[in-house]
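Read-outs: derived from the displayed coordinates by stated rules, not from any lab. Computed from a predicted structure; not experimentally measured. Every residue, glycine among them, receives a Cβ derived from its backbone with ideal geometry; neighbour counts consider all protein chains shown.
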Amino acid sequence: MIKINDLLIPTLDDVDFSSKKILVRIDINSPVDPKTGNLLDDSRLKAYNSTIRELVEKGNSVVLISHQGRPGDNDFISLEEHAKILSKYLDTDVEFIEDVMGPYAREKIQNLEKGRVMLLDNVRFVSEELIEASPSQHAKSYLVRRLSPLFDGYVNDAFAASHRSQASLVGFPVVLKSSAGRLMEKEVSALAKIFNPDDYPKVFILGGGKVLDSVRIIENLVKKRLADRILTGGLIAELFAVAKGLDIGKDNIRVLEKLGILSLVPRARKILLMGGPIEIPVDFRVEKEGKVIEEPLNKLTGVIKDIGTTTTGIYSSFIKDAKVIVMRGPMGIIEDERFREGSKTLLVDALESSGYLIIGGGHMISMLGNVTVDSNKVHISTGGGALLLFLAGEKLPALEVLSTSGVK
Ligand SMILES: Nc1ncnc2c1ncn2[C@@H]1O[C@H](COP(=O)(O)OP(=O)(O)O)[C@@H](O)[C@H]1O
Ligand SMILES: O=C(OP(=O)(O)O)[C@H](O)COP(=O)(O)O
């Protein structure tokens, strides 16, 4: 068992999963190249080897389930390519099933032999998966009712999605003997150890496009006074610039409006009024009439795509003095080579600083590439939003339900 705050979470040491059929929730949600639809990074796909290999070596048949992207986004794709990459890293065939809970998938699961591994298709193809609901409600979902009778147990290794109270993450432990996987165990144990709320100064570098998640994270950090500075980039920076009453230009306002982000301005304003230590960029890298230029805030005429060089210089000075640096979400649209500079510069500064770096998020860890890091100074988490909410002391639904699943 692992004890996290007041939770006791069963691990693979606490359940007898051998010669059984096990459903394993992983999070292989990865950055996708909008032009080709191919995965831009496979860091998350190599993270589950130890859990899958351990289950296979114990003679289990292993069925993997994961999501990719969100409906309507260009990274909302099938998991066929993911299965090929998993096969490469596991050095065993991971059979891709182009179904999630239909008769074809159920038949393939029933006939899966001992020691074999298969990957179901994107679980977010099932509408129920996108509903945030309680474990008991999700236990009654078609997904859980159709799949759980085919399994002897459930393992949740998807730390990066553990902040989502969605069917594949919280429904199965209600009805199946369950445990955390080895990655989940490693992530929560390591983070609980390395993150000391008393370390000072703690600098958070928050970017990316998941603005609602980030506002929730920042509200927690500010309420608990866990951050000494919060350096913003990506769409989060644009939200706080608007919240400060600054003019980001009509094109950028239109982008925020289209994404429904303007509705978050009152919450961002409240964070500022609470004295949130929010820093926003003073300049941006923008695209205008097909050209890439830099423009100062309040004189923006182009579409924001990255933070500017003056901003990276200012942010770097804060990073240099930090004892702990937490990075999640890129500063710019890193899928486009032209807008990676801001994230790259801050990442190098953070790696070279004397502070301890915790970096997470599907897109942000893709910026690391093959850089070797000093594990005494850097913790690379597979989680992004989940990482930050965990550090901010928030309850993660998928962890909570594991602690109550008991060892059936
Ligand atoms: N200024 C921006 N405008 C629009 N999208 C942005 C901007 N900056 C970053 N993004 C987008 O943010 C996304 C990554 O955000 P997010 O998923 O929150 O990060 P992570 O995966 O690291 O947790 C990328 O797809 C990137 O294109
Ligand atoms: O990529 C993820 O989170 P992240 O963007 O915070 O890294 C997780 O897979 C959760 O994905 P979601 O934010 O679409 O639920």
What percent do you get for the relative contact order of the stretch 123-221 when only Cα pairs under 8 Å and 6+ apart count? 27 percent
Pairwise over distinct Cα atoms, reciprocal of the mean inverse distance: report the Kirkwood radius of the stretch 106-228 in Å, one decimal place. 17.2 Å
For the chain, the Cα gyration tensor yields equivalent-ellipsoid semi-axes (√(5λ), largest first, whole Å) of 37, 22, 20
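May I ask you to list the GluC sites (Glu not before Pro) in the stretch 242-290 that are in a DSSP loop and have at most 13 other Cβ atoms within 10 Å of their Cβ? Display every interim value, and only then the final one.
Working: sites: E257, E279, E287, E289; in loops: E289.
Here the sparse-neighbourhood loop sites are E289.
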Order the peptides 199-205, 376-382, 235-241 from the highest to the lowest mean number of other Cβ atoms within 10 Å of their residues. 235-241, 199-205, 376-382
Based on DSSP, what percent of beta bridges with both residues in the chain are antiparallel, to the nearest 5? 25 percent
Peptide ranges 169-181, 68-80 listed from the most packed, as the mean C-beta count within 10 angstrom indicates: 169-181, 68-80
Restricting everything to alpha-carbon atoms, can you work out Rg to Rh for the stretch 1-93 with a Kirkwood hydrodynamic radius? 1.04
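If you average 1/r over all unlike Cα pairs in the stretch 233-321 and invert the result, what Kirkwood radius do you get in angstrom?
Mean inverse Cα-Cα distance, inverted, gives 13.4 Å.
Note down the magnitude of the dipole of the stretch 2-185 about its Cα centre, charges +1 on Lys and Arg C-beta and -1 on Asp and Glu C-beta and zero elsewhere, to the nearest 20 debye. Could you put the intermediate results ahead of the total?
Values: 23 positive and 28 negative charges, 79 e Å.
The calculation lands at about 380 debye.
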Report relative contact order for the chain in percent, whole number only (criteria: Cα-Cα under 8 Å, sequence separation at least 6). 18 percent
Using Cα pairs under 8 angstrom and six or more residues apart, how large is the relative contact order of the stretch 193-391, in percent? 22 percent
Debye log10 I(q)/I(0) at q = 0.08, 0.11, 0.19 Å⁻¹ for the stretch 193-391, Cα point scatterers: -0.23, -0.45, -1.40
Please give the net charge around N74, taking every other residue with its beta carbon less than 12 angstrom from that of N74, where Lys and Arg add +1 and Asp and Glu add -1. -2
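Within 13 Å, Cβ to Cβ, of I217, how many net charges do the neighbouring residues add up to if Lys/Arg are +1 and Asp/Glu are -1?
+3
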Charge dipole of the stretch 219-277 about the Cα centre (unit charges at C-beta), most positive-ward option of A237, A227, L256: A227
Charge context of G313, other residues only, Cβ under 13 angstrom, K/R +1, D/E -1: -4
Determine the calculated [θ] at 222 nm for the chain from helices alone, applying -39500 (n - 2.57) to every DSSP H run no shorter than 4 residues and normalising by the residue count; nearest 500 deg cm²/dmol. -10000 deg cm²/dmol
Give the Cα extents of the stretch 2-185 along the principal axes, in whole Å, largest first. 45, 37, 36
